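Visitor: Next up is a structure, given as structure tokens.
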Amino acid sequence: MKSTPATPAASAASPPSADPWSIESWAELALDWQRAFAECSAWWIGAARAAQFAGAAPDIRREPRDDRVDREDRKVSARRARRHAAPAQGSPFDTRELKRLHERYSSRLADLWAGATGVSGIAGAPARRADAASRGVDVPQRPAEDRRFASPAWREQPWFAWIRDAWQLYGEYLTELASLAQLPPEEKRRLEFSTRQFVDAIAPSNFPATNPDVIARAIATEGASLVQGMRNLGDDIAKGRITMSDESAFTLGRNLAVTPGSVVLRNPLIELIQYAPTTSEVSKRPLLIIPPCINKYYILDLTPANSFVRHAVAEGHTVFIVSWRNIPEELGKLTWDDYLEQGVLAALAAVKSIADSDEVNTLGFCVGGTLLAAALAVLAARGDRSVTSATFLTTMLDFADPGEIGVYISAASLDARKPLLCAGERVPGSELAGAFASLRANELVWNYVVNNYLKGRTPPAFDLLYWNGDSSNLPGPMYWYYINEMYIGNRLRVPDALTMLGQPIDLRRLAMPMYVYASREDHIVPWRSAWRTVGLVGTRPRFVLGASGHIAGVVNPPAAGKRNYWTGPLPSRGMGSETWLARATSHAGSWWPDWHAWLAKHGGGKRPAPAAAGNAAHPPLGPAPGTYVLAAAK
């Protein structure tokens, strides 16, 4: 492409060129793609239009517009404004702020346009940006770590450089526009989240005609990559989810969930697995692990190298873990109390019987931790002190700040679903997985859209992402109770506000030694929300903060030598999370050894390792990983 050098003023005022290869023609094409982007992304972000209040985005066409078109656009804008305005307060925007925002971004867009037309030729693109910057032009800069635009073509070819910069400028405009909205905090949070989702969705990297890597691969493969991409898309539509890992690389019981063990209890809701010891002696008190019921238990028993279960066994513990059932249609009416009674408490009774121990150490992960805390509160109300320690990994007990997942939760939407949920409608695992993936859409959605569908590739084998796609259905009544009472009502934290299994729930009765772990970059359980546990229970927990996110922070084996974690003073009443962090000490590597050292103090001494799994009341029913974990969500 070639263009004639022009001054900024001349460029802004010049009419559209008849040359189909001119910068102006490319700009028209960019507008068409921008409109298409919005349509194509609507399936993912239902609330995306909320980010376009009053149609006030800068007009990126610099040529004169037809008056009739202007009038029609104003009518559309007026209709949008009426649709999105707050009923009692009118427009949620200060018109003076909008005017200043529009003027500022119009100026930036004019500068961007001038920079785009200042130097001709593909080879001149870097020089064009450098020249524009030297003249004080505000040229958008992508973060160096943004892999979406790593290809040299995004910098060296004028068309791709311009459309990337124009998209970024438009995204900055919408983001700032959303920040100006005068809305209640929850509504503004949803607006800002939807705006970010929309901006990410319409990135030029997500569409074949505006992604240079996709075009180059299509040419190199003579279109075979696009054909394969359509096959991949069809396969994922059939599965109801995006494929994030090469699923042919893994098989449960072959290279995942291979720690030796036996199923020693099976009821309609759970299988209980007891793992074979690898030491001659074990702690007298067995360890019962309650994993999340939204996904499969083997997140804690992936490959041998990163299996939390295997490491716990190697440390000399008799380890049991609950394998939650992927709920079939006939179990759709199970309740929260059923998960406590048939899940946590049934497993606890079996563990005490098999280990011949009146005392048990416990660990709960994510929602498994919430279930564990509720079950422990039931036991405390009954006067049962058989659980001698509790570990909570990335668990929320106070839901005042649930993080970005809160944008999907509202009393109105839950009330609308209540009749069906409470009648036994199941919540599909794909629904939950999609919601969690959208919190990191660039990494967990659009990355795979581009790689799998546009480039026709198979994602690399990754055990953690294989597990991430292996979700489970939940029963409607249990799900409704969890969302309504925890996320919306936040009543678990209030003493005696909830009754479970006939007992008033008071977390202050949890007085056993406690270890609370949180991940600093967790987008599902924000670490400051996990911290609030220390102020709810009747003990002073050891609080440990790990690097990375919800899963990667937990699954961090010592041998890998990755990341770091923080330990600090025992939390005291009134101590805030920032005060604790300021006093904490950073340690290189995994937090697992710290937890092993802590748990060893609560093992109750040593005894010979059991010679076989189960006992007369609970004989082995089959080898690990069992049968429930093999059922796929449908």
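Visitor: Quick one: with all protein chains in place, what share of the accessible area of the stretch 372-411 is carbon or sulfur, to the nearest percent (1.4 Å probe)? All intermediate terms of the calculation are to be shown ahead of the outcome.
Guide: Values: 490 of 1000 Å².
Carbon and sulfur together cover 49 percent of it.
Visitor: OK, next. Give me the Kirkwood hydrodynamic radius of the stretch 524-634, using the inverse of the mean 1/r over all pairs of distinct Cα atoms, in Å to one decimal.
Guide: Numbers: mean 1/r = 0.0571 Å⁻¹.
Mean inverse Cα-Cα distance, inverted, gives 17.5 Å.
Visitor: Once you order the gyration tensor axes a ≥ b ≥ c over the Cα atoms, which shape class does the stretch 400-439 get: rounded for a/c under 1.5, otherwise prolate or oblate by comparing a/b with b/c?
Guide: Numbers: a/c = 2.92, a/b = 1.36, b/c = 2.15.
Here the stretch 400-439 falls in the oblate category.
Visitor: Accessible area per residue, 1.4 Å probe, Å², for the stretch 186-336: what's the number?
Guide: Counting only protein heavy atoms, the per-residue value for the stretch 186-336 is 37 Å².
Visitor: With N residues in the stretch 313-390, what two-decimal value do you get for its Cα radius of gyration over 2.2 N^0.38 Å? Don't skip to the answer; put the middle values down first.
Guide: Working: Rg = 13.3 Å, N = 78, 2.2 N^0.38 = 11.5 Å.
Taking the Cα Rg and dividing by 2.2 N^0.38 Å, one obtains 1.15.
Visitor: Starting from 0.36 nm per residue, how many nanometres of slack lie between THR303 and ASP415 once their C-alpha separation is accounted for?
Guide: On the way: separation 112, 0.36 × 112 = 40.32 nm, distance 4.15 nm.
Going from the current span to full extension adds 36.2 nm.
Visitor: Let me ask something additional. May I ask you to rank LEU256, LEU98 by accessible area, largest first, using a 1.4 Å probe over the protein chains only? Let's see the in-between values first.
Guide: On the way: LEU256 0, LEU98 40 Å².
Reading off the accessible areas and sorting them downward yields LEU98, LEU256.
Visitor: State the percentage of accessible surface on the stretch 419-565 attributable to carbon and sulfur atoms; use a 1.4 Å probe and exclude ligands, DNA and RNA. Could you put the intermediate results ahead of the total?
Guide: Numbers: 2580 of 5150 Å².
Roughly 50 percent of what the probe reaches on the stretch 419-565 is carbon or sulfur.
Visitor: Just to confirm, what accessible area per residue do you get for the stretch 554-634 at 1.4 Å probe, in whole Å²?
Guide: Details: 4260 Å² over 81 residues.
Ligands and nucleic acids excluded, the result is 53 Å² per residue.
Visitor: Another one. Would you work out what percent of the accessible area of the stretch 271-343, with all protein chains in place, is carbon or sulfur (probe 1.4 Å)?
Guide: Reported share for carbon and sulfur atoms: 45 percent.
Visitor: Oh, and also: What accessible area, in Å² to the nearest ten, does a 1.4 Å probe give for LYS99?
Guide: Counting only protein heavy atoms, the figure is 120 Å².
Visitor: Considering every pair of different Cα atoms, what Kirkwood radius, in Å, is found for the stretch 376-420? Present the calculation step by step, with values, prior to reporting the outcome.
Guide: Numbers: mean 1/r = 0.0713 Å⁻¹.
Computed over the stretch 376-420, the radius equals 14.0 Å.
Visitor: Continuing with this model, one more query. For the stretch 587-634, what does the alpha-carbon gyration tensor say about shape, rounded, prolate or oblate, given a ≥ b ≥ c as the root eigenvalues, a/c under 1.5 as rounded, and a/b over b/c as prolate? Please report the intermediate quantities before stating the final value.
Guide: Values: a/c = 3.73, a/b = 1.31, b/c = 2.85.
Verdict is oblate for the stretch 587-634.
The values are calculated or read from the model by the stated rules, or taken from the named source; none is laboratory data. Remember, it's a predicted structure, so these values are computed and weren't measured experimentally. These area figures cover heavy atoms from the full protein model, side chains too; ligands, DNA and RNA do not enter into them. Shrake-Rupley method; radii C 1.70, N 1.55, O 1.52, S 1.80 Å.
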